[in-house]
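Just so it is clear, none of the values below were taken in a lab; they were calculated from the coordinates. Predicted model, so just to flag it, every value in this text is computed and none were measured. FYI the Cβ positions are ideal-geometry reconstructions off the backbone, even for glycines, and counts take in every protein chain you see.
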Amino acid sequence: MANNNVIDTKNLTRTYGTGDQAVYALRGVNLDIGPGQFVALKGRSGSGKTTLLNCIGGLDRPTEGTISIFGEEIGGWSENKLTAWRRQQVGFIFQSLGLLPALSAFENVELILRMNHVPAKERQKRTLECLDLVGLTKWVDHRPYELSGGQQQRVAIARALANRPKLIIADEPTGDLDTKTGREVLSLFRTIIREQNITMLMATHDNLIVDYVDQIMNLQDGQIQQIEYPQQAAAAELVV
């Protein structure tokens, strides 16, 4: 039977240092995440969340084990191939956002399309589509310092969507937002995931996620200790 998972990891291990000085960031992590899933990684600082995201996104390489994305094992790829793959097929959202302050919202989103050599007419159309999707049509010409924290996060989301990814990787995307804005962003994530069949893997400390995600994977000391399915639990409560 064909494996349709978006993400598969087998015995994923990442150590830093050697011998007695070795530090285990990940200890044999096994993941299988299907298409259209909204998955959260939770755990204390140092539990391995960011290392796991970095390995899956090709920003770090595992010490042992394999990582397959859409059925392709990425561990042996060259840096050039990984860079091209990230630009073309994966969307990234980080807590620091990484928006360029001198560029407008439109220009920040368009930049990834320029890097992928998308023709000018198509770039403009796709950039406006993404900004409209996140509710920023009226703010396309504003620079980051002219936008609220929530609006800046929406620009970052629009940028992540620009290359039409089927996988989005996010590291603490609501970490600097207040509760109301955090809920708005999480609701937006869920809507986009459902409408566009995108898979999203998100590291977070935010307890609000229980109302939005399909799975919560709890990490401790580089291992997945528990997996929760909050949407299934909520549906079961409604039936009862």
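Note on the range 179-189: residues that are in contact with a helix residue (DSSP H, G or I) (Cβ under 8 Å, 6 or more places away or on another chain) and either farther than 14 Å from Phe38 by Cα or part of a loop (DSSP other than H, G, I, E, B) (or both) amount to 5.
Would you check if Val29 is of a type outside the set (Lys, Arg), closer than 14 Å to Gln220 by Cα and touching a residue at least 12 places away in the same chain (Cβ under 8 Å)?
On the way: of a type outside the set (Lys, Arg): yes; closer than 14 Å to Gln220 by Cα: yes; touching a residue at least 12 places away in the same chain (Cβ under 8 Å): yes.
Against the criterion (of a type outside the set (Lys, Arg), closer than 14 Å to Gln220 by Cα and touching a residue at least 12 places away in the same chain (Cβ under 8 Å)), Val29 qualifies.
In the range 162-173, is there at least one residue being among the hydrophobic types (A, V, I, L, M, F, W, C), out of contact with any strand residue (DSSP E or B) (no Cβ under 7 Å at 6 or more places or on another chain), closer than 23 Å to Asn108 by Cβ and touching a residue at least 40 places away in the same chain (Cβ under 8 Å)? Working first, answer last.
Going residue by residue through the range 162-173, those that are among the hydrophobic types (A, V, I, L, M, F, W, C) are 162, 167-170.
Okay, now just the ones that are also out of contact with any strand residue (DSSP E or B) (no Cβ under 7 Å at 6 or more places or on another chain), so 162.
Adding the requirement that they be closer than 23 Å to Asn108 by Cβ leaves 162.
Applying the additional criterion that residues be touching a residue at least 40 places away in the same chain (Cβ under 8 Å) yields 162.
So far as the range 162-173 goes, yes, one or more of its residues are among the hydrophobic types (A, V, I, L, M, F, W, C), out of contact with any strand residue (DSSP E or B) (no Cβ under 7 Å at 6 or more places or on another chain), closer than 23 Å to Asn108 by Cβ and touching a residue at least 40 places away in the same chain (Cβ under 8 Å).
Just give me the residues in the range 225-236 being assigned to a helix (DSSP H, G or I) and either under 23 Å from Asn54 (Cα atoms) or in contact (Cβ under 8 Å) with a residue 24 or more places away in the chain (or both), in sequence order. None - no residue of the range 225-236 is assigned to a helix (DSSP H, G or I) and either under 23 Å from Asn54 (Cα atoms) or in contact (Cβ under 8 Å) with a residue 24 or more places away in the chain (or both), so the list stays empty.
Residue pairs whose Cβ atoms lie under 7 Å apart, sitting 6 or more positions apart in sequence or on different chains, and linking a residue in the range 84-109 that is assigned to a helix (DSSP H, G or I) to a partner that is hydroxyl-bearing (Ser, Thr, Tyr) and surrounded by 15 or more Cβ atoms within 10 Å (Cβ to Cβ), are Phe106/Thr127; Val109/Thr127.
Counting just the residues of the range 1-21 that are hydrophobic (A, V, I, L, M, F, W, C) and surrounded by 11 or more Cβ atoms within 10 Å (Cβ to Cβ), which one comes out farthest from Ile209 (Cα to Cα)? Let's see the steps before the verdict.
Pass one, the range 1-21, residues hydrophobic (A, V, I, L, M, F, W, C): 1-2, 6-7, 12.
Checking the rest, the ones that are also surrounded by 11 or more Cβ atoms within 10 Å (Cβ to Cβ) come to 6-7, 12.
On the way: Val6: 21, Ile7: 20, Leu12: 25 Å.
Among those that are hydrophobic (A, V, I, L, M, F, W, C) and surrounded by 11 or more Cβ atoms within 10 Å (Cβ to Cβ), it is Leu12.
For the range 190-224, the tally of residues that are closer than 22 Å to Pro165 by Cβ and part of a helix (DSSP H, G or I) stands at 8.
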